[in-house]
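These notes concern the structure reproduced below.
The values are calculated or read from the model by the stated rules, or taken from the named source; none is laboratory data. Here the structure is a predicted model, which means the values were calculated and not measured. Positions of Cβ are backbone-derived with ideal geometry, glycine not excepted, and every protein chain shown enters the neighbour counts. Keep in mind that these areas ignore ligands, DNA and RNA; they rest on the heavy atoms of the full protein, side chains included. Shrake-Rupley method; radii C 1.70, N 1.55, O 1.52, S 1.80 Å.
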Amino acid sequence: MPGGPYSDEQVDAAVRRLSDPGRLEAAQRTVVSQAPALQGILNQALEDADWFGSAHQAELTKVAAIEGHGERDLAMRTLLAEETRVNMMIGVAVGLELAQLLDHPPED
């Protein structure tokens, strides 16, 4: 981790700075230009963690079988939120490692 580990206060301050308007514009342009490669890394990480393996498929089947519309809707939203959190956490990990590699390229 570049410069890490970080204190809770340092992370809190950095997260607050990330919410500044325009702060992420350059990073978003970079990510968009590298989207296919980054998507491949995300897919590989999810596959390596078996996130979309048999347990996930069983959960999808379970949610789809819920008869009550409201209960099924809540279960589906919960499952999607969990998937989003996992994707976000992997994305952050990839971003941290990318920053490390950009700051300290390996000696080839």
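Here are the numbers for the structure shown:
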read-out: Helices (runs of 4 or more DSSP H) within segment 1-86 that include 2 or more residues farther than 30 Å from H104 by Cβ and without any contact (Cβ under 8 Å) to a residue 12 or more places away in the chain; value: 54-64
read-out: Subset of segment 31-43 [over 15 Å from the mean Cα position of the chain (by Cα) and surrounded by 12 or more Cβ atoms within 10 Å (Cβ to Cβ)]; value: Q34
read-out: Selection within segment 45-83 - open to solvent by 90 Å² or more (accessible area, probe 1.4 Å) and either in contact with a Lys or Arg (Cβ under 9 Å, 6 or more places away or on another chain) or under 22 Å from Q28 (Cα atoms) (or both); value: none
read-out: Scope segment 87-108; condition free of Cβ contacts under 8 Å to residues at least 24 places away in the same chain and not in a helix (DSSP H, G or I); matching residues; value: P105, P106, E107, D108
read-out: Counted residues, segment 97-108 - those being surrounded by 13 or more Cβ atoms within 10 Å (Cβ to Cβ) and out of contact with any Pro (no Cβ under 7 Å at 6 or more places or on another chain); value: 2
read-out: Among the candidates V31, V63, residue that is at pLDDT below 90 and not hydroxyl-bearing (S, T, Y); value: V31
